[in-house]
Amino acid sequence: MRIRLEHVTHAYAGSDESAAVQVLGDISLDIASGDFAVLMGASGSGKSTLLNLIGAVDKPTAGRIFLDDNETSVLDDSRLTMLRRRSIGYIFQFFNLIPTLNVFENVAFPLSLANTPRSDVKSRVAEALASVGLGNRATHFPNELSGGEMQRAAIARAVVHNPPLILADEPTGNLDSRNGEMILDLIRSIHKSRRATIVMATHSERAAAYGDYVIGVSDGRVGGVGSGGWEKEPARDHYSAPSPESVAENASTPTPHPPLPTPRKQ
Amino acid sequence: MILRALVLRPILREPLRTTLTILGIAVGVAVVVAIALSNQSALRAFSESVDAVAGRANYQIVSDVAFSEDVLRALQPFWPRGVRFAPVIDAEGIVEPSLQPIRLLGVDLLSDLHFRDYRYASVVTSGKESAATYLSLFGNDSVVVPATFAHDHGLHLGSPLILNIHGVRRTMIVRGLLEARGPATAFNGAIVIADIAVVQAAFGLEGKLTRIDLIVNDESLIPSIQRIVPPSARLERPSRRNERVEKMLRAFRVNLFALAGVALLVGMFLVYNTVLISILRRGKDVGVLKTLGTSATQVFAAFLIEGLVFGAVGSVAGIALGRGLAWVILRLIGRTINALYINSTPEAIELTPGIVAAGIAVGTILSLLSAIQPSIEAAQLRPSLLLSGTVWRRQPRRQDQTQASSPHRTQILVAIVCFVIAVLLSRLPAWNGIAVAGYVAVLFVVAGFSALAALIVTGASRLLRAPYRAAFGIVGELASASIPASLRRTSIASAALSLAIGMMVAVALMVGSFRETVRVWVDQTVSSDLWLRPAKGLSNADSALFPNAISADLARIPFIAAFDRARGRGVLYDDDRVLLASGDFAVAARFGDLPMIAPSKQSEALLNAIARNGVVVSESFSLKYNKGVGDDIALTTIHGRRSFPITGVYRDYSNDRGVVAMDRSLFIRSFDDDAISTVVIYLKPGIDRDTARRSLEATLGPKYHAFAVTNGEIRGEVMKIFDQTFLITYALLAVAIVVAVLGVINTLAALILERKRELALLRVLGMTVAQVRRMLVLESSVLGLTSTAAGLAMGYVLSWILIYVINKQSFGWTIAFHTPVRLIVTSLAVTFVASLVAGLVPSRLARRIDLAMAMKAE
Ligand SMILES: Nc1ncnc2c1ncn2[C@@H]1O[C@H](COP(=O)(O)OP(=O)(O)O)[C@@H](O)[C@H]1O
Ligand SMILES: [Mg+2]
């Protein structure tokens, strides 16, 4: 799914005594279908906001957003709901599994919204769970899982309905480095196998290395301060990590890596 | 799946919240169902008795006074045209010496089988049922009683039975037993049947009838039958009696239902609160679901269904509970209805489909209604806000500070509008004798106070902050600060509790004022020295009577200065049953002390009444029919309709239907009834009351079965009946309080679960479990104090409406305002303690918080 943003700005309605805060200013972007793009920037730079706008969770204050040829910024609430339901998978920093549903039900949720036949649901959920290595945890509730397992369940939920677009907001932000890597490998391999467009926000250069390219975000602008436009920066120029392919191949064996910045809470 | 995620699993996972909410609704529904059930049972008992006695008759010629049996001859020509008629004497009386009230039914035992369904269980002792044995039923002392009655009183065929009817005492012989069917079931079997000729001869009613039952198949004959009806009687359908009773009890029932409404209203707050809390608590999950593509409608439906589930389950539980409660209420109102309105012994409680449906509908619909607003709110929330978790931290502050002035201004505006509407409504007159506008005004006052709830809670906790810090240190300060932090939840809980307390205070004020007014009135009215009565209790005053012959005996007693012979009976006025009372006005004018409204001197009113053959009426009568001094009222006497001038209006709290009182001689002339229900005795100066009492009972006791009671005892008895009447009121209010306390427990429990992290943090920082618990109990004390204060204020406003609008319009009583300080202080103390307990229960949850877990998750 192709993503285009044209001169998008976003401001949060003023709360407290302050006036409205402009968080994103005049952003234009074009992410081609099938890309694995990484939004990288410091905490508070506006990545999540941008991701929310792309993901039709929020509407921009000004500017236009297109997913393929649909201008999402003009759609009404129910259209946006349908779009999110059918076309987008979400992966969050805090996993956001529904605590009252077990793993199977959490993953099945997008399918049940789409009224998928029961037998189909069963096989597709099983398949999704197997692909994230959680085949044997289907009946567990989220509070019985570790962080890494929760995130894997969340990934299964994000991909189970085969959305053309997957958004991931700091998917490793709440995990230790080992689990983090496992998740990143998983996302990478999903990108390969499902051919979905993936946009991932992160503040970690190491994580950013997993994408095809990096879009820098700072102070609500893309491509660095002062620059009106943006450019794709090849991911590997930023950080020399083992090639995603090799990581995927050796996913079971721990790869040695240089010291990483400890993941911080946002 | 959405349902399972947002509603079903949480309902199962949070048993405390679920149970409390369901219990709250159940209690509300139970009260309504119970009142409906017991009302139905009491009324049905009465109407079944009427039907059983009326039998197959579809018309009756009835009279409040006996009429001549000559009319039977006039009815003869209708016989060939298919009209069947049966003469009846239907009289109230008592059985001696047990003094149990009974109904004596005199019928023509031969022809009456057309009308009523009797079956003789046994007649006289022997098995041979010859004509002679049946003839014994017509013996001049023969009566037939239901087998159950005989069993209860240890009677057999041949047993003597002493009856006192209209003051005439006769010993009758039980000559037959009836199976429990037809009239034998009326009045719970407290009925004695005899041949009409026997009754006429035995009780001085020769040539008299009280009723003729008719079977008229040809409606076109009615006008010609109407023409032969004696002037003192009327032709009507038997069901008219039931309708009249129903009408008479209407205001009483409306009042009960209004009280039940309070319990329901409080229950509604509870559902509203529960659904709101579950939305607030699952806000993040709602956000996730919406991000994943759940539509607003689906979210709305899910929470609405939560309300529905609570409503439906609560209603079903409520109906079961209500059945039990009805049993209790029946004991309570049964007594009231008997004391004030009709003699009927309520029977079994029957859960009709109508009542079940109504109960379920009330509970479910109200729950749905109260779930709508929070569900809409959940549906409209933006997923991004929910996800970032900012909404709950920011929005309350937004309401509280930023736009501090504007929401507060709207709240105050709404409250003012509500109060103004309430004031305007309370000036409207009653509709059909029911204070509809008054009740609606109450709703508006409640709405006004509810609109202010948030303001009151913040204001109060701000006020309490300094004293709480001083008294309880940091724990106290945290407690007072946390209440406004979760303003929405706490203000609803507080509104519900204030409402319950407000209603309680209002009713306490109303009943207290009423009680004080009645006490003053009784002290003033019951000024005589002794009362002579044919039975002990007040409640069967109409069934037990003295014969007029007692007058001569009384006149011979040297220590009596004067005596006033009272007799009352129900008569129809304007198709309503009012009380017609009589007394010796000349004596009352000299010795009595009637609280007058107009003219101010009682002697003027009473002597005028004697001189002009007039009547004095009670305030309730005067208000209800808009009649005052100088107006005439028409009553049906034995001579037909007669008009009587009103010469005075007096205050009376014994009867809300209205009382018309006339001098005894006029009463006897008009109604041919010289029996006496009570003799009010004034002693000569210097006579000791107790000596007089003993001497009176010694001389008159054996002859007339007379009891002498002192004015103190009478006063005590009046107050006892009064308190009994309002027992149900208190019971219902207690229920409302229970529901409200449940709401507070519910809210606090939710607050604790939600603040797990905060509480865990406090624990990590070094607070002990005991301190955390103390903090939580202090929080509920803030809530309790606030609600008590608000409730007290609301109570005063509501009591004003109750006293000056609703009571005045429903019953025609003028009540002087009086604060029953002790009652109010105790009940407030009780509710405050209850709110503390409400904090204590959920504070146990604090112990269960797993620190590591609570700190780990977001
Ligand atoms: N709901 C909100 N209301 C107001 N300001 C917000 C809200 N969400 C985020 N912000 C502000 O917008 C800016 C960007 O936030 P965000 O997009 O979450 O950044 P990032 O994800 O890059 O850390 C921050 O300064 C943050 O404080
Ligand atoms: Mg972010």
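The values are calculated or read from the model by the stated rules, or taken from the named source; none is laboratory data. As the structure is a computational prediction, the values presented were derived from the model and not from experiment. A quick note on method: Cβ atoms are made from the backbone with ideal geometry, for glycine too, and the neighbour counts reach across all protein chains shown.
Hey, does segment A:230-240 have a residue that's within 16 Å of ligand 1 (Cβ to nearest atom) and modelled with pLDDT under 90? Full working, then the answer.
Let us first name the residues in segment A:230-240 that are within 16 Å of ligand 1 (Cβ to nearest atom), namely A:230.
With the extra rule that they be modelled with pLDDT under 90, the set shrinks to A:230.
Yes: one or more hits.
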Suppose we keep only residues that are under 16 Å from B:Leu594 (Cβ atoms) and of a type in the set (Val, Ile, Thr) within segment B:656-692. Which one would you say is surrounded by the most Cβ atoms within 10 Å (Cβ to Cβ)? B:Val680
Which of the residues spanning segment A:164-202 are surrounded by fewer than 23 Cβ atoms within 10 Å (Cβ to Cβ), within 13 Å of the chain's Cα centre (by Cα) and within 16 Å of ligand 2 (Cβ to nearest atom)? A:Gly173
When you check A:Arg64 against the structure, is it surrounded by fewer than 23 Cβ atoms within 10 Å (Cβ to Cβ) and more than 18 Å from the chain's Cα centre (by Cα), yes or no? yes
What are the pairs with Cβ atoms under 7 angstrom where one residue, in segment A:197-216, is at negative phi and away from every other protein chain (no Cβ under 14 Å) and the other, located anywhere, is acidic (Asp, Glu) and within 13 Å of ligand 1 (Cβ to nearest atom)? Sequence gap at least six, or different chains. A:Thr202/A:Glu170
Selection over segment A:25-57 where residues are more than 17 Å from A:Glu170 (Cβ to Cβ) and within 16 Å of ligand 2 (Cβ to nearest atom) yields a count of 1
A:Phe95 is checked against (1) touching a residue at least 40 places away in the same chain (Cβ under 8 Å); (2) in contact with a strand residue (DSSP E or B) (Cβ under 9 Å, 6 or more places away or on another chain); (3) within 16 Å of ligand 2 (Cβ to nearest atom) and fails just one. What number does that condition carry? (2)
How about segment B:287-326: which of its residues are more than 13 Å from chain A (Cβ to nearest Cβ) and of a type in the set (D, E, K, R)? B:Arg323
Residue list for segment B:423-459, filter: aromatic (Phe, Trp, Tyr) and touching a residue at least 12 places away in the same chain (Cβ under 8 Å): B:Tyr439, B:Phe444, B:Phe449
Which residue pairs have Cβ atoms under 7 Å apart, sit 6 or more places apart or on different chains, and have a first residue in segment A:161-176 that is touching a residue at least 40 places away in the same chain (Cβ under 8 Å) and a second that is among the aromatic types (Phe, Trp, Tyr) and buried (at least 24 other Cβ atoms within 10 Å of the Cβ)? A:Leu167/A:Tyr90
Residue match in segment A:110-129 (condition: without any contact (Cβ under 8 Å) to a residue 24 or more places away in the chain, away from chain B (no Cβ under 13 Å) and of a type in the set (Val, Ile, Thr)): no
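Over 30 Å from B:Arg9 (Cβ atoms), within 16 Å of ligand 1 (Cβ to nearest atom), at pLDDT 85 or above and not in a strand (DSSP E or B): does that describe A:Ala11? Working first, answer last.
Numbers: over 30 Å from B:Arg9 (Cβ atoms): yes; within 16 Å of ligand 1 (Cβ to nearest atom): yes; at pLDDT 85 or above: yes; not in a strand (DSSP E or B): no.
Judged against the criteria, A:Ala11 is not a match.
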Of B:Val362, B:Val309, B:Val288, B:Val328, the only residue that is at pLDDT 85 or above and assigned to a helix (DSSP H, G or I) is B:Val309
Scanning segment A:85-100 for residues that are within 7 Å of chain B (Cβ to nearest Cβ), at pLDDT below 85 and buried (at least 22 other Cβ atoms within 10 Å of the Cβ) gives A:Asn96, A:Ile98
For segment B:430-464, give me each residue that is small (Gly, Ala, Ser) and either closer than 13 Å to B:Leu487 by Cα or assigned to a helix (DSSP H, G or I) (or both). B:Ala437, B:Gly438, B:Ala441, B:Ala447, B:Gly448, B:Ser450, B:Ala451, B:Ala453, B:Ala454, B:Gly459, B:Ala460, B:Ser461
Hey, can you tell me all the residues within segment A:55-78 that are within 17 Å of A:Leu39 (Cβ to Cβ) and in contact (Cβ under 8 Å) with a residue 60 or more places away in the chain? A:Gly55, A:Ile65, A:Leu67
Go over the candidates A:Asp35, A:Asp58 one by one and state the one that is more than 10 Å from ligand 1 (Cβ to nearest atom) and not hydrophobic (A, V, I, L, M, F, W, C). A:Asp35
Name the helices (runs of 4 or more DSSP H) wholly within segment B:520-613 that hold at least 1 residues that are basic (Lys, Arg) and in the same structural domain as B:Ser695 (by TED's automatic domain parsing)? B:585-591, B:602-612
Test B:Ser482 against the criterion of being more than 16 Å from B:Leu276 (Cβ to Cβ), at pLDDT 80 or above and crowded, with 18+ Cβ neighbours inside 10 Å, and give yes or no. no
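Matching residues to (1) small (Gly, Ala, Ser); (2) within 12 Å of ligand 1 (Cβ to nearest atom):
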{"position": "A:Arg4", "(1), (2)": "no, no"}
{"position": "A:His7", "(1), (2)": "no, no"}
{"position": "A:Ser28", "(1), (2)": "yes, no"}
{"position": "A:Leu51", "(1), (2)": "no, yes"}
{"position": "A:Phe66", "(1), (2)": "no, no"}
{"position": "A:Glu71", "(1), (2)": "no, no"}
{"position": "A:Tyr90", "(1), (2)": "no, no"}
State whether the residues of segment A:115-131 include one that is modelled with pLDDT of 90 or more, buried (at least 22 other Cβ atoms within 10 Å of the Cβ) and within 16 Å of ligand 2 (Cβ to nearest atom). no
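Kindly establish whether B:Ile728 is closer than 30 Å to B:Ala838 by Cα, more than 19 Å from the chain's Cα centre (by Cα) and buried (at least 21 other Cβ atoms within 10 Å of the Cβ).
Numbers: closer than 30 Å to B:Ala838 by Cα: yes; more than 19 Å from the chain's Cα centre (by Cα): no; buried (at least 21 other Cβ atoms within 10 Å of the Cβ): yes.
Judged against the criteria, B:Ile728 is not a match.
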